[in-house]
Amino acid sequence: MTLQERKDKADIIAKEAHIAHKKMIPLLATAAGAGSYSIIFLKDELYILGFLLLLIFVIMAIGIVINYQELSSLKNKVKGLDYDE
């Protein structure tokens with residue numbers, strides 16, 4: 001693999017990582033808001049709304065885990081560029 005091919009592959013991986021980072025910000029914000037409001041609503045005995053927001057929080061938390069796994073696989077791809085001849 002030539003130097004130019006490595007640079008091109010690294011640019012593609014960097015763009016994918018940038019997209020994954022952009023997805024992380026709304027996921028974290030939504031999860032934090034939904035989690036905190038679900039606690040408030042459950043405390044005020046508004047159970048239906050509290051459980052609905054708790055469900056949204058769980059879905060967002062699963063999305064965050066999936067996004068971290070995607071970033072981990074991209075990190076492994078970058079490490080693989082060093083050893084690929």
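The values are calculated or read from the model by the stated rules, or taken from the named source; none is laboratory data. Just so it is clear, the model here is predicted, and its values are computed rather than measured. Note: ideal-geometry Cβ built from the backbone for every residue, glycine included; neighbour counts use all protein chains shown. What goes into the accessible areas is simple: the full protein's heavy atoms, side chains included, and nothing from ligands, DNA or RNA. Shrake-Rupley method; radii C 1.70, N 1.55, O 1.52, S 1.80 Å.
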Legend entry - Failed condition for L55, given (1) at pLDDT 85 or above; (2) not in a helix (DSSP H, G or I): (2)
Legend entry - the stretch 1-37, residues that are of a type in the set (D, E, K, R) and surrounded by 13 or more Cβ atoms within 10 Å (Cβ to Cβ): R6, K9, E16, K23
Legend entry - Breaking point among (1) of a type in the set (K, R); (2) at pLDDT 90 or above; (3) under 12 Å from the mean Cα position of the chain (by Cα), for K23: (2)
Inset, instruction - Return yes when L52 is more than 19 Å from the chain's Cα centre (by Cα) and either within 30 Å of I13 (Cβ to Cβ) or among the hydrophobic types (A, V, I, L, M, F, W, C) (or both) and no when it is not. - result: yes
Legend entry - Residue in the stretch 69-84 that is open to solvent by less than 70 Å² (accessible area, probe 1.4 Å), of a type outside the set (S, T, Y) and not in a helix (DSSP H, G or I) present: yes
Legend entry - Matching residues, the stretch 1-44, being in contact (Cβ under 8 Å) with a residue 12 or more places away in the chain and outside any helix (DSSP H, G or I): M1
